[in-house]
Amino acid sequence: MAAVLIQTRVDSRLKAQEGDYYTTPEEDAYDYECAEKAYAEYIKSGKKSQPIEELFKEMGI
């Protein structure tokens, strides 16, 4: 997981240099916190996943 976050940060910096976008450290921290919570929920569920269509139904999309 840490490797993915590091690569994401590197990708963000490269994109920022290209002028596409820039993420702040606060945004990065928020994203990390959300990812940690989601991963913990995934582990707690016994690594169960669901099709994206089910999420869309829950959201009314």
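Data for the structure
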item: Every residue from the range 21-61 that is in contact with a helix residue (DSSP H, G or I) (Cβ under 9 Å, 6 or more places away or on another chain) and among the aliphatic types (A, V, I, L, M); result: Ala35, Ile61
item: Meets criteria (under 14 Å from the mean Cα position of the chain (by Cα), in a helix (DSSP H, G or I), modelled with pLDDT of 60 or more and among the basic types (Lys, Arg)) for Arg13; result: no
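The values are calculated or read from the model by the stated rules, or taken from the named source; none is laboratory data. Quick caveat, the model's predicted, so the values are computed rather than measured. Glycine gets a Cβ as well: all are built from the backbone with ideal geometry, and neighbour counts include every protein chain shown.
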